[in-house]
Amino acid sequence: MSPPHRVNPQPLSLSPRQPKHPATTKMARSNFSVLTILSVILLLPVLSLSFSPDSPSDRRLLVLFDDLSLKSSHSIFFNSLKSRGFDLDFKLADDPKLALQRYGQYLYDGLILFSPSIERFGGALDLAAVLDFVDSGHDLIIAADSSASDLIKSVATECGVDFDEDPSALVIDHRSYAVVGTEGDHTLIAADDFIESDVLLGENKIEAPVLFKGIAHSLNAANNLVLKVLSASPAAYSANPSSKLSSPPSLTGSSISLVSVVQARNNARIMITGSLDLFSNRFFRSSVQKAGSPKKYDKSGNEQFVAELSKWVFHERGHLKAVNLRHNKAGETNEPAMYRIKDDLDFSVEIYEWSGKSWEPYVANDVQVQFYMMSPYVLKTLSNDKKGLYHTSFKVPDVYGVFQFKVEYNRLGYTSLLLSKQIPVRPFKHNEYERFITAAFPYYGASFTMMAGFFIFSFVYLYHK
């Protein structure tokens with residue numbers, strides 16, 4: 001074995017070091033400054049793409065594949081996102097340069113994982129990085145299939161759903177299968193059990209069934225933030241279609257979720273499905289006829305379903321903001337620094353919903369305000385003027401202390417609102433009470449009765465023989 005090559009050190013120069021010319025030094029500093037400024041300018045557009053509650057649609061999405069052919073086979077879905085103003089960055093999931101953030105700033109506001117078989121992400125991306133991405137308020141779409149790796153299943157588990165542990169199992173339904181292209185195993189399902197929510201799936205009803213072929217998942221009972229958007233029929237079950245059942249399947253009936261969504265407490269949104277083909281051009285363009293139904297549709301409901309649900313996931317719908325929380329004494333306009341017990345006050349707040357292009361007034365009849373100190377002393381439902389302004393009036397309770405105006409709004413499919421403003425409440429000053437208080441009349445009577453009794457007793461005692 002040959003010895004390792006050793007680099008001989010350069011001999012030290014004994015001659016004195018020549019100083020640099022001042023002009024050279026000045027030019028180097030100038031070049032460095034120019035490069036620094038150019039770097040900042042080039043980086044600003046990237047950093048400015050971070051999610052802004054005031055402009056929810058100005059966003060950049062990272063799409064990860066395990067096979068680049070998916071870019072063409074799922075092009076209709078991607079073109080739909082581009083037409084709605086999204087900037088898509090396509091990369092392989094094992095790209096060694098993968099990163100979600102740079103210099104402490106996230107480069108993307110949404111992540112689409114179309115890489116079910118990936119065992120390990122490339123670059124700086126891993127399970128913890130994906131979860132931190134969601135914990136920072138960003139959105140996520142996960143599409144798996146029968147080749148789903150433990151990594152993808154782990155991401156889904158952390159989001160509140162559990163895929164079937166049997167790697168060979170698919171969703172089988174002998175009643176709600178698609179008549180065309182079933183290949184005899186009834187794994188191509190025509191599903192139409194949608195969640196009833198206009199904010200999630202849009203106001204236009206999805207008439208045609210959705211084609212689904214993939215693996216089943218169930219919801220974690222301990223997670224109350226996850227919802228089934230598309231459920232399997234009561235006759236469905238999860239099993240290996242190429243072998244006979246030797247034991248009852250672990251997932252059956254409507255407990256099987258085909259597509260689920262999560263809205264985290266920080267308003268991050270997640271979509272999870274066990275079918276990557278759900279987004280494919282082939283399923284988008286395919287005709288569909290549900291078994292047992294005489295009606296055949298020229299086009300499946302996949303494109304409409306995916307487009308509408310993706311609008312919700314990426315905050316194009318159901319995104320609320322509250323502004324201009326105000327309160328003042330009745331008859332006044334300025335906000336006081338303190339209220340007195342039994343004051344009459346007016347409260348108002350403006351709530352708007354993002355329509356995909358602009359902010360529109362949000363109209364609802366279930367928005368409430370609490371006047372809160374340890375517990376709500378006042379709970380009032382707000383009236384609205386159909387233009388986004390919610391308002392009410394009430395009397396400050398006869399309790400002094402430090403209160404809060406608190407608006408907590410949680411409605412299915414909408415971003416949650418939590419606003420609060422602190423205000424102290426004082427008692428009456430000594431010179432603010434009424435001269436004679438009605439409630440004190442018994443005490444007044446008792447005092448005068450005592451005085452009269454003492455006078456009579458004294459008169460009788462002194463003059464009675």
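The values are calculated or read from the model by the stated rules, or taken from the named source; none is laboratory data. As the structure is a prediction and not an experimental result, all values here were calculated from the model. Here Cβ is always computed from backbone atoms with ideal geometry, including for glycine, and neighbour counts include all displayed protein chains. In case anyone asks, the SASA skips ligands and DNA or RNA and just uses the protein heavy atoms, side chains included. Shrake-Rupley method; radii C 1.70, N 1.55, O 1.52, S 1.80 Å.
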**OP:** Specify the angular offset, from 0 to 90 degrees and rounded to the nearest 10, of the alpha carbon long axis of helix 441-463 from the longest principal axis of the alpha carbons in the chain.
**Re:** 30 degrees
Original post:
R0 = 22 Å: FRET efficiency of Leu389 with Ser420, Cβ-based, nearest 0.05?
Top reply: 0.70
Original post:
Using mean Cβ contacts within 10 Å as the protection proxy, how do 173-180, 443-450 order, highest first?
Top reply: 173-180, 443-450
Subject >> Efficiency of FRET from Cβ geometry, Lys97 and Asp132, R₀ 22 Å, rounded to 0.05 >> reply: 0.75
**OP:** Treating the angle as unsigned and between 0 and 90°, give the value, to the nearest 10°, between the Cα long axis of helix 22-47 and the longest Cα principal axis of the chain.
**Re:** 80 degrees
Subject >> Mean Cβ count within 10 Å, highest first, over the residues of peptides 332-341, 148-157 >> reply: 148-157, 332-341
Original post:
Want the number for Ser69 to Ser147: 0.36 nm per residue separation, take away the alpha-carbon distance, what's left?
Top reply: 26.4 nm
**OP:** Report, in deg cm²/dmol and to the nearest 500, the calculated mean residue ellipticity at 222 nm for the chain, where each DSSP H run with n ≥ 4 adds -39500 (n - 2.57) and the sum is divided by the residue count.
**Re:** -6500 deg cm²/dmol
**OP:** Sticking with the crude label model, points 7 Å out along Cα→Cβ, report the distance from Glu207 to Thr252 in nm, one decimal please.
**Re:** 3.7 nm
**OP:** Could you let me know the centre-to-centre spacing of segment 135-171 and segment 98-127, using Cα atoms, in angstrom?
**Re:** 15 Å
Original post:
Based on the Cβ-Cβ distance from Ser358 to Ser83, what FRET efficiency comes out when R0 is 25 Å, to the nearest 0.05?
Top reply: 0.90
**OP:** May I ask you to compute the full-extension gain from Lys244 to Ala452, defined as 0.36 nm times their residue separation minus their alpha-carbon distance, rounded to one decimal in nm?
**Re:** 64.6 nm
Subject >> Within the accessible area of the chain (1.4 Å probe), percent carbon and sulfur >> reply: 54 percent
Original post:
Residues of the chain: accessible area per residue at 1.4 Å, in Å²?
Top reply: 57 Å²
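Rounding to the nearest 20 debye, state how big the charge dipole of the chain is about its Cα centre with +1 on each Lys and Arg Cβ and -1 on each Asp and Glu Cβ.
Here the chain has a charge dipole of around 1600 debye.
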Original post:
In degrees between 0 and 90, to the nearest 10, how far off the longest principal axis of the chain does helix 302-313 point, with axes built from Cα atoms?
Top reply: 50 degrees
**OP:** Rank-order 92-101, 243-252 by packing density, defined as the average count of other C-beta atoms within 10 Å over each peptide's residues, highest first.
**Re:** 92-101, 243-252
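May I ask which of Lys213/Lys295; Lys71/Lys213; Lys82/Lys311; Lys321/Lys380; Lys71/Lys228; Lys329/Lys406 have a Cα-Cα span longer than 23 Å here?
Distance filter (> 23 Å) returns Lys71/Lys228.
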Original post:
Summing +1 for each Lys or Arg and -1 for each Asp or Glu, what net charge is found among the other residues whose Cβ lies under 9 Å from the Cβ of Pro361?
Top reply: -2
**OP:** Sort out for me the Cα centre separation of segment 333-394 from segment 186-229, rounded to whole Å.
**Re:** 35 Å
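Of the beta bridges DSSP finds with both residues in segment 57-313, what % are antiparallel, to the nearest 5?
Working: 28 of 47 bridges.
Expressed as a percentage, antiparallel bridges in segment 57-313 total about 60.
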